[in-house]
Amino acid sequence: MGIVTSQSFKNTITTYLGFGIGALNTLFLYTYFISDQYYGLVAFILSTANIMMPLMAFGVHNTIIKFYSTFKTKNSLNSFLTLMLFLPLLLIIPIGLIGCFTYEAIGELISQKNPIVKDYVWYIYVTAIAMAYFEVFFAWSKTQLQTVFGNFMKEVFHRVGVMLLLFVVYFQWINVDEFILGVIGVYILRMIIMKLYAFSVKFPVIKFYRIENVSSILKYSSLIIIAGSIATVILDIDSFMLGLYIPIEKVAYYGVAIYIATVIVVPSRSMQQILQPLTAQYLNDNNKVALKDLYVRSSQTLFVIGGFIFLIIVLNINQLYELIPEEFSGGLIVVFLVGVAKLYDCLMGCNNVVLFNSDYYRVVLLFGVLLTILTVFLNMLFIPMFGINGSAFATFLAISIYNTIKIYFVKKKFNMMPFTIDTGKVCVLIIVSIVLFYFWEFPFHPIINIALKTMLMTLLYVLVILKLNVSEDITLVIKKYLRLK
């Protein structure tokens, strides 16, 4: 896993940099510089655009990865890439035309609880297009095993842009409406820069030769739209539905809690960028030994790292909430429930990549459709009863069920499991750490308390991980940087 470890490490650094900037934005700048209502509006726009993104992309960002290594001649490869550039327009244009004629109806529908949303519906459409083509160009560079710059753009660039805009609105150089327009502009600019980089890595040669397996490509793209939508819906439908049921400022409170919990999957997001093309290549080459090794080692590595981040968050959450406005502190249960769900995502390793690049993706899509229906139903059931905590519980249940189904399916079809005896050891370590440290508070400033508890927990966690040697890759990295033999 040399190239995986190398690029994953670089991607993890940039992703954490992005999340650090995002944390500054989410926990402090947004909460102090603009009203809760407009914060909730921005969260609603971006979440809804993210839900639409797989549809706008027509599944192309997944299709490029799956089929790229199957083309052996330049003409067929260039024709395939040409198709990938234009395919998203088959949905973007019709959806735009429908939106023009039904704008009022759509606006009325999604703004029943929060009328402020109505005037910003077209922002969602434009942002979804920018997000979609960004993913297409990122996938373009992934096929060349170049993921670091794209990951920087995906995780850092737009957050820096938003941070600058927040300071600009704070100094009253622009108003809040102009700020929201600026946020959309940042996503558009990110897409353009990613396009320029992707084309510098591999410049497109527009060809329209006949593609032999075009029917398989189109079928996969069409179906993978559902797969991408399912994954996105499970992650973002909660924020969208909260905006339909409760005052929009509470979407902001929920967004803060979700952002905190999402930090757990940063290493997974970083590693997935390079796991995608490698997994597709192993599947296309029918290299079962390499595929199984990648599956198990990615799970072990991500679970160890994700478990460590989960502990940092859970053990310090009470102190962290003392640093931000009091009204945002109602998300403790949200952080824990969604945090556990994200930890389960880490445990999956490259499971998703295996399924979506295999011939079994159709069956998984069926499970996903049923689960999406279940997710919507659970949110409709629990949000009116428990508000943001109900939405978090619905998300926890949905992700847990979906992940369990996918693990079972990979076991049945590929005879691979991500779990080993070391998985149990890490689970015990996480539970023991929570018992030892959660109720232990220092009588100092919250920042000092967070630092002290994190240092003590880190020392224990690293020593135990080294002693148990539960992940060969993690052990090698720790010994390298600690200069141990």
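The values are calculated or read from the model by the stated rules, or taken from the named source; none is laboratory data. Since the structure is predicted, the reported quantities are computational estimates derived from the model, not experimental observations. Every residue, glycine as well, gets a Cβ built from its backbone with ideal geometry; the counts of neighbours run over all protein chains shown. Note: areas computed on protein heavy atoms with side chains; ligands, DNA, RNA excluded. Shrake-Rupley method; radii C 1.70, N 1.55, O 1.52, S 1.80 Å.
Picking from GLY390, GLY368, GLY424, GLY339, which residue would you name as being in a helix (DSSP H, G or I), among the small types (Gly, Ala, Ser) and more than 30 Å from VAL256 (Cβ to Cβ)?
Within the list GLY390, GLY368, GLY424, GLY339, the selection yields GLY424.
Look through the stretch 345-379, keep the residues that are open to solvent by 40 Å² or more (accessible area, probe 1.4 Å), of a type in the set (Phe, Trp, Tyr) and in contact (Cβ under 8 Å) with a residue 12 or more places away in the chain, and return whichever of them is nearest to ILE264 (Cα to Cα).
So, considering only residues that are open to solvent by 40 Å² or more (accessible area, probe 1.4 Å), of a type in the set (Phe, Trp, Tyr) and in contact (Cβ under 8 Å) with a residue 12 or more places away in the chain, the one nearest to ILE264 (Cα to Cα) is PHE367.
Tell me, yes or no, whether the stretch 44-66 has at least one residue that is crowded, with 17+ Cβ neighbours inside 10 Å and farther than 22 Å from ILE225 by Cβ.
First, the residues of the stretch 44-66 that are crowded, with 17+ Cβ neighbours inside 10 Å: 44-66.
Now narrow it down to the ones that are farther than 22 Å from ILE225 by Cβ: 44.
Scanning the stretch 44-66, I find at least one residue that is crowded, with 17+ Cβ neighbours inside 10 Å and farther than 22 Å from ILE225 by Cβ, so the answer is yes.
Among the residues of the stretch 381-398, which ones are touching a residue at least 24 places away in the same chain (Cβ under 8 Å) and open to solvent by less than 10 Å² (accessible area, probe 1.4 Å)?
So the first thing to find is which residues in the stretch 381-398 are touching a residue at least 24 places away in the same chain (Cβ under 8 Å), and the list is 383-384, 387-389, 391-396, 398.
Within the stretch 381-398, ILE383, SER391, ALA392, ALA394, THR395, ALA398 qualify.
Quickly run through the stretch 445-469 and pick out the residues that are open to solvent by 60 Å² or more (accessible area, probe 1.4 Å), under 28 Å from ILE324 (Cβ atoms) and assigned to a helix (DSSP H, G or I). Step through it out loud before you land on a result.
So in the stretch 445-469, the residues open to solvent by 60 Å² or more (accessible area, probe 1.4 Å) come out as 445, 447-448, 455-456, 459, 463, 467-469.
When the remaining residues are screened for being under 28 Å from ILE324 (Cβ atoms), the result is 445, 447-448, 455-456, 459.
ILE447, ILE448, MET455, LEU456, LEU459, listed by residue number.
Every residue in the stretch 393-420 that is among the hydrophobic types (A, V, I, L, M, F, W, C) and part of a helix (DSSP H, G or I), please. Steps first, answer last, please.
Quick first cut of the stretch 393-420, residues among the hydrophobic types (A, V, I, L, M, F, W, C) only: 393-394, 396-399, 401, 405, 407, 409-410, 414, 416-417, 419.
Scanning the stretch 393-420 gives PHE393, ALA394, PHE396, LEU397, ALA398, ILE399, ILE401, ILE405, ILE407, PHE409, VAL410, PHE414.
Quick grid of which residues meet (1) touching a residue at least 24 places away in the same chain (Cβ under 8 Å); (2) basic (Lys, Arg); (3) open to solvent by 20 Å² or more (accessible area, probe 1.4 Å):
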{"site": "LEU109", "(1), (2), (3)": "no, no, yes"}
{"site": "ASP119", "(1), (2), (3)": "no, no, yes"}
{"site": "ALA132", "(1), (2), (3)": "yes, no, no"}
{"site": "GLU135", "(1), (2), (3)": "yes, no, yes"}
{"site": "PHE138", "(1), (2), (3)": "yes, no, no"}
{"site": "GLY161", "(1), (2), (3)": "yes, no, no"}
{"site": "PHE171", "(1), (2), (3)": "no, no, yes"}
{"site": "ILE174", "(1), (2), (3)": "no, no, yes"}
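State whether the residues of the stretch 76-92 include one that is without any contact (Cβ under 8 Å) to a residue 24 or more places away in the chain and open to solvent by 50 Å² or more (accessible area, probe 1.4 Å). Please lay out each step first, then the result.
So the first thing to find is which residues in the stretch 76-92 are without any contact (Cβ under 8 Å) to a residue 24 or more places away in the chain, and the list is 77, 86, 89.
Restricting the remaining residues to those that are open to solvent by 50 Å² or more (accessible area, probe 1.4 Å) gives 86, 89.
Yes, the stretch 76-92 has at least one match.
Restricting to the stretch 36-72, name every residue that is outside any helix (DSSP H, G or I) and either at pLDDT below 80 or of a type in the set (D, E, K, R) (or both).
Applying the first criterion (outside any helix (DSSP H, G or I)) to the stretch 36-72 yields 58-59, 71-72.
PHE71, LYS72 - these are the residues of the stretch 36-72 that are outside any helix (DSSP H, G or I) and either at pLDDT below 80 or of a type in the set (D, E, K, R) (or both).
Of everything in the stretch 260-292 that's farther than 14 Å from VAL353 by Cα and at pLDDT below 75, which residue is surrounded by the fewest Cβ atoms within 10 Å (Cβ to Cβ)?
Going through the qualifying residues, I end up with VAL266.
Take the residues in the stretch 406-444 that are without any contact (Cβ under 8 Å) to a residue 40 or more places away in the chain and β-branched (Val, Ile, Thr), then tell me which one is most open to solvent (accessible area, probe 1.4 Å).
Among residues in the stretch 406-444 that are without any contact (Cβ under 8 Å) to a residue 40 or more places away in the chain and β-branched (Val, Ile, Thr), the one most open to solvent (accessible area, probe 1.4 Å) is ILE421.
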